[in-house]
Amino acid sequence: MSQLDILVMPKVHPLYIAALKTVYKVHAYQPDDAQAMAALAPKIVGLAAGGESVVPGSLIAQLPQLKMLSVFGVGYDGIDVPAAIRQGVPVTHTPGVLTDDVADLAMALVLSVARQLPQADQHVRQGLWPQGALPLGRKVSGARMGIVGLGRIGQAIARRAAAFDMSIAYTTRNEKPESGFKYYPSAAALAAQVDFLVVITPGGAGTRHLINAEVLQALGPKGYLVNVARGSVVDEEALVQALTKGVIAGAGLDVFANEPQVPEALWRMSNVVLTPHMASATHQTRQAMADLAFANMQAGLSGKPLLTPVPECMANTGH
Ligand code: NAP
Ligand code: 8YV
C-alpha cells in the first residue's frame, strides 16, 4: 500500500517529524514554491504543525483531501480552527504532557529574576566576587503570587508556589471556586494585590494585550511580571516602557511578540531574565509531545477516536 502524504509546517520539532516518517511520506511546506505546492496539495491528507505555527484558512483550503491537523504543542492560536472545522478537518494538540515543564520554568523565572541568578552567575564567572557582593535580591518564599489563567499549567504553577508558602490569587474569565484561591475579575485588580504576576493564558485575539500599561501600573515598582503564555498576551512596548521607567521591578519572559526577535532594549536590562520560548524544552517532554502528536495523527488518519482534540473540535466533530 502506498504511503499517505503529510505536509509539515516550518520549524516543527524533529522528534515529531521522525515519528511521522516511520509511517508516512513527509513533505516540507514550501510557501515560496507555488509549483511544487500545487503538485503536492491534492495528495496531502495530514498536516503537522507546532504550537507557534501559523496555519491560515487559505492553506487549509488549498488541501482538498486534508483529513487531520495535529499540532505539537498545547497552544494553537496560530491555527485557523474554524476554517478547519468548516472543511471537516479535526484539529488536535498536546495538552497535559508539558504542564509540569512549563510550570517548572515559570517558577524558575520567578526565582531567577527575584534572586538575580543570571547576574550572580556572571558575577562569579567574571571574577567580580572579590570586589564585593551583588545587590540584595527579593525574597520569594511567602510572597504574593497572582496567576493570570488558572488552567492546567496555571494550577501546576499554583501547586509549586504553595510549596514556597506563597499566597495565591488568580484571574480568569470564569471564576474557579473549587480552586480555593482568591479570584479577581480583572488582571489589573489582581496585579494591584500581588508581588509576582504570572501569565499563562492561551494566545490569540481573546487575550491580546491583556497585560497592558494599566496592569503594569497596578503591579507597581515592587512587582515582577513573568510571561510563559504567548508574547501577544503582553503589550511588549508598554512592558519595555514600564521596565525602563521603573513602573515595575522586573520581568521573566519566555515568550515574545515577534519571536525569535526580542526588543534590544530588553537585552540590556539587568532586572529582566530572558529565555527563548523553551518552557517545554526537555528531552522527556518533547518526546511525550511528539508521541502524542503522532498518535493523534495516526488516530485521525485511521478513523479511530482522537486522543486530544482541541476543545472546539470536541463539540464540532463528534470526536
Ligand atoms: P488551559 O488548561 O486551557 O488553561 C487556560 C486558562 O486561561 C484557563 O484557566 C482559562 O480560564 C484562562 N483564560 C482564557 N482566556 C482568558 C482571558 N481572556 N483572561 C483570563 N484568563 C483566560 O491551557 P494550559 O494547558 O494551561 O496552557 C495555557 C497556555 O500556555 C497555552 O495555550 C499556551 O499558549 C501556553 N504555553 C506556553 C508554553 C511555552 O513554551 N512558553 C508551553 C505550553 C503552553 P477561563 O476559560 O475561565 O478564562
Ligand atoms: C512549544 C508551546 O514550544 O505547547 C505550546 O503551546 O508553546 C510549546 O510547548 C511549541 O508548541 C513547539 O512548537
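Look at the dipole of the range 232-293 built from charges on Cβ: of G250, L292, H277, the Cα furthest out on the positive end belongs to G250. When only the Cβ of Lys, Arg, Asp and Glu is charged (+1, +1, -1, -1), the dipole of the chain relative to its Cα centre reaches about 460 debye. Pairs K139/K182; K11/K245; K21/K304; K43/K304: which are spaced more than 30 Å apart, C-alpha to C-alpha? Checking Cα-Cα distances, K11/K245 exceed 30 Å. Taking every alpha-carbon pair under 8 Å whose residues sit at least 6 apart, the chain reaches a relative contact order of 18 percent.
Eigenvalues of the alpha-carbon gyration tensor of the range 176-251, scaled by 5 and square-rooted, set the equivalent ellipsoid semi-axes at 20, 16, 10 angstrom, largest first.
Both radii were evaluated on the Cα set of the range 24-182; the Rg over Rh quotient, with Rh as the Kirkwood radius, amounts to 1.17. Between 0 and 90 degrees, rounded to the nearest ten: what's the tilt of helix 152-163 against the longest Cα principal axis of the chain? The angle comes out near 30 degrees. Counted by Cβ distance under 10 Å from F256, the other residues give a net charge of -2, where Lys and Arg count +1 and Asp and Glu count -1. Computed on the Cα trace of the range 1-47, the radius of gyration divided by the Kirkwood hydrodynamic radius gives Rg/Rh = 0.97. Basic side chains Lys and Arg get +1 at the Cβ, acidic Asp and Glu get -1 at the Cβ, and with that the dipole of the range 180-292 about its Cα centre reaches some 200 debye.
Dividing the convex hull volume of the alpha carbon atoms of the range 90-191 by its residue count gives 146 Å³ per residue. Expressed as a whole percent, the accessible area of the range 156-253 that falls on carbon and sulfur atoms is 51 (1.4 Å probe).
The trypsin sites (Lys or Arg not before Pro) of the range 164-208 that DSSP puts in a loop, and whose beta carbon has at most 13 other beta carbons within 10 Å, are R173. Computed from the alpha carbon atoms alone, the convex hull of the chain holds 149 Å³ per residue. In the range 216-319, the alpha-carbon atoms span a convex hull of 137 Å³ per residue.
Please report the accessible area of K304 (heavy atoms, 1.4 Å probe, ligands and nucleic acids excluded) in Å², nearest 10. Accessible area of K304: about 120 Å². The fraction of accessible area contributed by carbon and sulfur in the range 47-98 is 57 percent, rounded to a whole number (1.4 Å probe; ligands and nucleic acids excluded).
Toward the positive end of the charge dipole of the range 1-148, with +1 on the Cβ of Lys and Arg and -1 on the Cβ of Asp and Glu, the farthest Cα among P14, G51, V148 is that of V148.
Contact order, relative form, for the range 1-117: 21 percent (alpha carbon pairs under 8 Å, 6 or more residues apart, mean separation divided by residue count). In this structure the range 1-101 gives 45 Å² per residue of accessible area when probed at 1.4 Å with all protein chains present. Entry note, the chain: the mean residue ellipticity at 222 nm calculated from DSSP H runs of n ≥ 4, each adding -39500 (n - 2.57), is -10000 deg cm²/dmol after division by the residues and rounding to the nearest 500. Each semi-axis of the equivalent ellipsoid for the range 96-150 is √(5λ) with λ an eigenvalue of the Cα gyration tensor; in descending order they amount to 29, 15, 6 Å. In the range 11-74, the ratio of gyration radius to Kirkwood radius, Rg to Rh, stands at 0.93 when only Cα atoms are counted.
In whole Å, how far is the Cα centre of the range 94-163 from that of the range 189-217? Computed from Cα coordinates, the inter-centre distance equals 18 Å.
Summed over the residues of the range 195-257 and divided among them, the accessible surface reaches 36 Å² per residue at a probe radius of 1.4 Å.
Distance from the C-alpha centroid of the range 260-318 to that of the range 1-21: 16 Å, rounded to the whole angstrom. Charges were assigned to the Cβ only: +1 to each Lys and Arg, -1 to each Asp and Glu. The resulting dipole of the range 1-156 about its Cα centre is roughly 320 debye.
The values are calculated or read from the model by the stated rules, or taken from the named source; none is laboratory data. Note that the structure is predicted; figures quoted are calculated from it, not measured. Positions of Cβ are backbone-derived with ideal geometry, glycine not excepted, and every protein chain shown enters the neighbour counts. Just the protein is used for accessible areas: all its heavy atoms, side chains included, with ligands, DNA and RNA removed. Shrake-Rupley method; radii C 1.70, N 1.55, O 1.52, S 1.80 Å.
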